[in-house]
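All remarks here apply to the structure that follows.
No value in this document is a laboratory result; all are computed from the given coordinates. Since this is a predicted model, take the numbers as computed values, not measurements. Cβ placement follows ideal geometry from the backbone for every residue including glycine, while neighbour counts extend to all protein chains displayed.
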Amino acid sequence: MSNSSIHHLNHCSRCPVVGDDRQHRECYQFLTLRFDIAIARKLIRSSMLHRVDPTGLAKWLECTHIVEQHLFHLPERLSPGLMVTLPNGCGRLVIDGNHRAARALRRGEEFTAFLLPERETRKLLRRSMGRRAADFYWQKMLQA
């Protein structure tokens, strides 16, 4: 498919390509870390759901690319986001729901997300990018 024939739903680069029925793995890439969203969803439990602190969320979103156009056609009722916990105090990342979070913050609404603790985050990385690579980068974070 050439670039000239690609048409996104809502003419928005964050929305799916119209007529593309292929199965795509949705992943979130942060530096060298890759998180597979479908795998993350299988690891969540209801006890992991929490309200995200708006101050911390605002700081995170300052470092995240938000497509403004995408905010205007998100459905009103959306599922919670997904967050992971990195080791050694390296932080928490929103791996799914950055646009939902940005919209909630702008509206002054609460944003909730499932927060995977370190153990599940490491499992997710191993399943998303392979055990060897995941363990290598995990060790680097432990040494930071």
**Message:** How charged is the neighbourhood of Cys90? Take every other residue with its Cβ under 13 Å from the Cβ of Cys90, and add Lys/Arg as +1 and Asp/Glu as -1.
**Reply:** +2
**Prompt:** If the cut-off is a Cα-Cα distance under 26 Å, which lysines reach Lys59, setting aside same-chain residues fewer than 8 apart in sequence?
**Reply:** Lys140
**Request:** Using a Förster distance of 30 angstrom, determine the FRET efficiency expected from the C-beta separation of Cys90 and Ser46, and round it to 0.05.
**Result:** 0.70
**Complete:** Cβ-Cβ cut-off under 15 Å around Glu109, Lys and Arg +1, Asp and Glu -1: the net charge is +3
